[in-house]
Every structure is written in structure tokens, then in C-alpha cells.
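Read the structure below first, then the notes.
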Amino acid sequence: MKSGEKFSPEVIIKMRTAINDAEGQEVLFTGYISENGLVSDVEVAARGNDSAAPALYPFMLESDVVIHNHPSGVLKPSNADLEIASGLGNQGIGFYIVNNTVTKVYCVSEAIETRQSEKLNSEEVCSFLLPGGALSKKIESYETRDAQVQMTEGVVDAFNNNLINITEAGTGVGKSFAYLVPAIKWCMTNNERVVISTATINLQQQLIEKDIPLITGLLGKEGKNSIKSILVKGRGNYICLRRLHEQLEDNSLFQEENSTLHSINEWSGATATGSKSDLSFVPDYTVWSSICSESDSCMGMRCAYREKCFVMKLKKEAASANLLVVNHHLLFSDLAMRMNGAGYEGTAVLPPFNRVVFDEAHTLENSATSFFSQIYNKFILLKHIGKIFYRRKSRNMGLAVILQKMMPHPEDYKDIPVLISSVRIAAETLDTHTAYLMNGTYSLRLTSQINTDLIDPVQTSIRDLHKKIIKLVTYISDGGEILFSEDEDNSDVFEMKVTMRRLKNTAAVLNGFLDYLVQEDNIFWIEQKKTSKGELFYSFSNTPLDISDMMNKAVYEPLQTTIFTSATLAVQKKFNFWKNRIGLDRVSDDRAQEFLLNSPFKYSSQVMLGIPDDGPDPGSPDFQEFISGFIVDAIEISEGSALVLFTSYGMLNATYNELEPLLTRQGITVMKQGSLDRSKLLFNFNKDVSSVLFATDSFWEGVDAPGDSLKLVIICKLPFRVPTDPIIKARIEAIEKNGGNAFMDLSLPEAAMKLKQGFGRLMRRKTDHGIVLILDPRIIRKRYGSILMGTLPDTAKSIGSSKKVLEDMENFLYSSGKFKK
């Protein structure tokens, strides 16, 4: 092909000159295609010799087409050329070869033309939600909400103009419809994929089972493309048939202990999804973790069970879907892979996407912090080495035993039991020295202030454990060298290589704790934990201090549209705190839009906020006695239907132990967090309208108990995070080091958002009514109390003596909301 068919005259001259300057050797160019379809500009990325030039991906991935010359004049692509062209082509980048005079060009692969998105008509999209629109015709009780329409307009604008949208939508606004209608319309119009990410499975199920089918059914054929939506869960939720059958074979001699495995095996032949949620029982964690799908242990196309693989089916479904519903953790695992080289044009954990909606966005910092933390504890290690070798009923078991039978020299693995025993002993020694360091405390951040006499033995133990893990891995690698190179398709060989890789990663996490003082961007801390049998152990965590850089690189820079929404994002009607925490303060103002939309609920007539002013401060020894007495009096008035929120398990348990017998005698069912799994506990609480639930932390959000199930929310203490928490302490120090005020910049706004979440448990429907009691008098005694009060909706209020608040509460509940102010 003549070069003039692909390049502008100016580009031909520019490339010819660059090749001459390189004395006719190979030159790698990155090219950019203009609207007329010609390469209108090029840049020199690298220079080589007469047969090759460096393939520099940081340059190539930023271009429309990659071009290089063949000095020989023969434009036939080499195998290396074809491999590079294939990788670039899968990301839409073309690959051309020219001769030295740039008179001829061979197009190995064409660049994919960038398609212009068709913008949505805002009025048309919003009409779906207006009187006379599709939704009002389908749902007789549907009422148009101005705030919902306003949010929809903002989301449409963000899709049309590649913006970042931040919307606080109070309870009752209908935020899921406000982002789903434009997102689905966008998919239909442009055949682009949109990802919806949430924090909780309850919201994911609501979206995938109710909201999305309703909207897509009503929109029908309005767009050019049909909608296919799918809930994508992490691999760990799905059975791996290969691992299941290996476990069945390994345990074939011990069938009396494997009724669970056999039940799962029967189920695996009947299930359509392979998802743990479809099981009729909850499998033991240890059993499920040994048979579930894991990314690094997937054999892919080499697996004998690939045709029946549930994860492969899910991936195919996801690849053909244009609306994906995921959780934050899974989305971050996808974004991490893309940041680490997978790119944004191909499939990582998820198929490629450029637009995402983060619902429950107030949880993002915690979700990202959790995902990007590295953790070691002895049980993680013991799980890995237990796969290699263990004894069961006087029999040697494990991968090492299986591989020995395949090895030309089985004696090469004879020392594995001894090496594994040494790793176990080193792990126990580390926990022993850590116990002395912790000295009974539940958590400890590693800093320069720690007594060297206490930390030195811990670090010595870490070095020793690291050394023994690497020695074990090296021994296995060297002894099985022939096996690993010749039997890659063997499942047991593959599993051993996976286990070795995991052990190396564990060693790397441990190694980070040896130079924690120089890693200022990370928080190194240790936490004391207990097993279900009460055995103490220690968890070592390496946590990022700040997620701002990661969010910018993974989300704000590469993605075109990002929607953030929640009922609690603002403090004092501003988003500054939340934006600073996740790096949005670095985004230019012209790209981010903000909406603060109040709830349409009539809080002033349907909710009373009660605050007794005669109670002791939380630091007083009399505080526990005060809250116990007040809680029982309040619950007697409400006749149950109460959610009591605490900030610590200690206070929760003390209050529960004291009040449970008293309330039970009055016919009130008393439940507490931890007695059952969360979903079953909430089901029972909703079902029994006279029940009371004592809870902490995670129950400050995500509890949806409309109607008579919940008439009273009691907040015992203002939800300030404990300042001794290692992560909080490190972030406080970082703020103060930069000249900030840690209380005003972190502790107070964080507590304000948590308080608003707790308060929001009461009103879930427009017909709900009831009482919120705050028993911590600091909210009216401290200067910062006005800021906390300012985050709450405008309600009826009773602030006075305990006796007055209780009287007002009774009048409000049973006298049509009237009480003496």
C-alpha cells in the first residue's frame, strides 16, 4: 500500500527525516489519526538497530497507531511484530510497518475508530419519572419527587459530558431510579457498558431483582440496543469443580468426615450458577475455602473442567452484558489489575468499562483501605503449608506426597515434613514474642516510639520466619524442577506452584514489617484476635495511609463518567471532608458537579429527637447506669420496636446483660448483634414488631426496618472513632503534621456522617414515624454539638430532663405527634 493512503505528507517527511537521523536503523513511532482517517502526527518513541527497536508500552498505549520501519525493505511482520500487534490491537491500537523512505506501508492491524457517543435528551429521560410518565402508569402509588428529577438531570449531564457527579440524596429521594434510568438509557443508546458498585448485598439484590427489571421493562425498545444486566460476585462465591473433585479424592478414605463435601458435590451437578448463595445450607468456612474458585489457582483453558466452569460461564455472561452490578471490593480488585498493567481496554476481573456509579459511596474510603491492605497471621500461613503436607490418621497427605509419586527422584522431597515443622515453630515463636510486645492491648501501631527491647525480638522472629518460608519454597522448587517444567498441565503440579507463589507473597508481607519506619505512606499495625475456640493470635496489617493517589490513577483519570451517591456524604452542607478523604479535592472544579438533595419526608411532624440534658458525660463512671435505666424506660414506652446503637461491644454487652432479663419479663424479645448472622437477625427483628435489637458499628447503616418494626432508635454515645485505633491515630498525626486540626478535619466530620447514618435508620418510608434518642449530652454541652445537630434533619425536638423527654416521647407516639415543648 502506498504511504499516502495512511499518512499525511507532513508525517511522511517527518518519519523519513527521523529514520535518516537514525542512520537507517529501526525507529519506533507513535502516531495519531485525525478526522480524515490519516495519521496526521507522529512522535519518535525509540530507536534500535538494523533488526529491532524497543517496544515501549508507556508510549505505545497512549497512541492511535504504532509504526516502525524495516531497514531491509521487506515489510513482512516478524513473529515478535505479530505478538505486539495482537496485544495493541486488543486495545484498539493499530500497527503499521514502513520502509526507510516511507513510500510503502504494510498495515498489520488497523486502529479502531473512536466512536462518538450519542448524548441523552435530558427532558426525555426525566419524563420517565414525571406525572404521566412510564413509571407513574406502572405504579399506581408512585409520586414524582422534585429531588429525584433533579438528580436524574445531573446524572444525564455527567454521562453526556464525561463528568464526575457527587450527589447526597436524602432517604426517600429515590436515588437508585435517578441513576438507573439514565444509565440504562445510555447503555441502550450507545451500547456501552456501565458498572453499578455498591457496598451491600441487599442493595445489589434490590437493583438486580427489582429496580433494573422494572426500568428495562418499561423502557422496552426505546434504545438501539437491548439491555442485559448481571450481578457479578467475587470468585470466592463460586464452586471450583476441579478443586471439589480433588478434595473428594484426597478425603476418599475419610468419608465419615465429609458429608458436607458430598452434599456440595450432589448440588454441583444440579445448580445452574455454582454460587454459594444457592446452597440450601451454609457450608463450613474451611470446607468452602478449600473448594471455591480462586483467581491465582485457576488453570484456565488447561483445566479439565473448563467446559463446565461456573466462573467461565459468569465471565461469558458478563462480557455480553452492558449493565454490571458489583460490590466495591470486587471493583477495586478489577481497578488494581488495570493499574498494574492490564489497562482499561481489555478484560481484567470485569470486562472493560468507562462509566461507573458508586452507590453507598460514603463507604468508599473504608472499602479501598481494606482492599489495599496486606495482612499476615499464622492461620493464613498454616493454610498454605497445610496444603503441601499434613498427617491425617497416621497417613501422610498433601501435594508433596502426591508429587513424590510422580518424581524421578522422590527422595528430593524427603525433608519437606521437617521444613514445614520449622515454619510452624517459627510462626508460633513470632506470636509468642508478639504477645509480650502487645502486653494485653488489642491493637498496636508500630512506630519509632516502641521500646526496642520489645520490638527487636518480634523483628528477629519475623526474619527467622521469612528465612524458613523462603527455604521451604526454594527446596520445593529445586526438588521439583523437572516436574514443574514438564507437567504444567497437571492439576497437582499447578496447585503446588500456586501454593509456592502464595508463600512467597506471605514472606513479602512479613518482610515489609522489617523496615516499617521508612515506609511513611503506610500504616503498620498489629491486632490481637481470637478464634471461635477462644485461642489468641495476632494479625499483622500493612494499610495505606491515604487512598487519594490510588483513586485518581484508578478512577478519576481513566474513567469518563463517575457517579458518587449516598444519603450521607456532606457535613454542614458541604462535601469537602468526604472529597478530601478520597482524593476528589484534586479534580478540577469544571469536571465535578455537586448536588445536595434533601429528603422529601416530613421529619418535622413525623420524627421527634429527644436529648436528656441531665445525664452524665460518657467518661463518667455513672454513664453506664444512666443509659441502662433510660433505655429500659424508653423501651417500655415504645413497647419494643427499638434499635439501640452502641459504639463498643463492651458497652453493648454490659447493657444487654443487665436489661435482657427485665425486658424479656415484659414480653419484649431482646436480640443482640453476634447472636445470629446479620441477615437472619434483621429478618427476625423485622418480623417481631415488639422486639429490640442491641447493635454496634455495621448496624449504624444498612438496617431497613419500615413501619411498626422500628419506632425507636437510641444512640447511646456519639460515634467518635477511638483515637487509639492505629489507622485513625496515623491519619490524625498526618493531618497535624501538615498543619491541620485533626479533630475538626477528621474526627468530627467522620462522627457527623456516622451519626447521620444512625439517625437515618428510623425513617425508611414516607409513612414511618417515631423517636430518635441521643443519650450522649456532649451534643448539647460542647461547642461542636451544633455541627453534629446541623447534619440531622429538622425534627420536633425534646431537650430537657430525662423525665420530660420520656413524657414527650410517650405523647409523640400516642397523641398524634403532639407534646408540650
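The values are calculated or read from the model by the stated rules, or taken from the named source; none is laboratory data. Since this is a predicted model, take the numbers as computed values, not measurements. In this analysis, Cβ positions are derived from the backbone assuming ideal geometry, glycine residues included, and neighbour counts consider all displayed protein chains. The protein model used for the area step is the full one, side chains on, heavy atoms only, and it has no ligands, DNA or RNA in it. Shrake-Rupley method; radii C 1.70, N 1.55, O 1.52, S 1.80 Å.
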Next item on the list: Pull up the range 206-252, narrow it to residues that are hydroxyl-bearing (Ser, Thr, Tyr) and not in a strand (DSSP E or B), then point me to the one that is modelled with the highest pLDDT.
Entry: Thr216
Notebook entry, point to check: On the given criteria, is Leu503 under 28 Å from Val473 (Cβ atoms), part of a helix (DSSP H, G or I), open to solvent by 20 Å² or more (accessible area, probe 1.4 Å) and in contact (Cβ under 8 Å) with a residue 12 or more places away in the chain?
Noted result: no
Margin query: Being part of a helix (DSSP H, G or I), of a type outside the set (Asp, Glu) and buried (at least 21 other Cβ atoms within 10 Å of the Cβ) is the requirement here; does Leu662 meet it?
Written below: no
Notebook entry, point to check: Restricting to the range 284-322, what's the tally of residues that are over 11 Å from Gly274 (Cα atoms) and in contact with a strand residue (DSSP E or B) (Cβ under 9 Å, 6 or more places away or on another chain)?
Noted result: 7
Notebook entry, point to check: Out of Leu88, Leu82, Leu75, which single residue is in contact with a Ser or Thr (Cβ under 8 Å, 6 or more places away or on another chain) and outside any strand (DSSP E or B)?
Noted result: Leu88
Check: Among the residues of the range 15-43, how many are more than 13 Å from Ala53 (Cβ to Cβ), under 40 Å from the mean Cα position of the chain (by Cα) and of a type in the set (S, T, N, Q)?
Finding: 1
Checklist line | Residue in the range 759-766 that is in contact with a Ser or Thr (Cβ under 9 Å, 6 or more places away or on another chain) and among the aromatic types (Phe, Trp, Tyr) present | finding: yes
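Of everything in the range 54-72, what is in a loop (DSSP other than H, G, I, E, B) and open to solvent by less than 30 Å² (accessible area, probe 1.4 Å)? Give them in sequence order.
Residues satisfying the conditions are Ser63, His70.
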Note to self: Here's a check for you: in the range 322-337, which residue that is under 29 Å from Phe524 (Cβ atoms) and open to solvent by less than 10 Å² (accessible area, probe 1.4 Å) is nearest to the chain's Cα centre (by Cα)?
What the structure shows: His328
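Please tell me if Ser698 is touching an Asp or Glu at 6+ places or on another chain (Cβ under 8 Å) and either surrounded by fewer than 17 Cβ atoms within 10 Å (Cβ to Cβ) or within 20 Å of Ala634 (Cα to Cα) (or both).
no
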Margin query: As an exercise: evaluate Ile97 against (1) touching a His at 6+ places or on another chain (Cβ under 7 Å); (2) part of a helix (DSSP H, G or I) and give the number of the one condition it does not meet.
Written below: (2)
Next item on the list: Would you confirm whether any residue within the range 344-362 is of a type outside the set (Asp, Glu), crowded, with 20+ Cβ neighbours inside 10 Å and in a helix (DSSP H, G or I)?
Entry: yes
Margin query: Given the condition closer than 30 Å to Phe177 by Cβ and open to solvent by less than 10 Å² (accessible area, probe 1.4 Å), answer yes or no: does some residue in the range 262-285 qualify?
Written below: yes
Note to self: Take the residues in the range 301-316 that are open to solvent by less than 50 Å² (accessible area, probe 1.4 Å) and in contact with a Lys or Arg (Cβ under 7 Å, 6 or more places away or on another chain); name whichever of them is modelled with the highest pLDDT.
What the structure shows: Val311
Notebook entry, point to check: Could you give every pair whose Cβ atoms fall below 8 Å, whose first residue belongs to the range 519-531 and is under 13 Å from Arg445 (Cα atoms), and whose second residue is open to solvent by 50 Å² or more (accessible area, probe 1.4 Å), counting only separations of at least 6 or pairs across chains?
Noted result: Ile523/Arg445; Phe524/Arg445; Trp525/Arg445; Glu527/Tyr442; Gln528/Thr441; Gln528/Tyr442; Gln528/Leu536
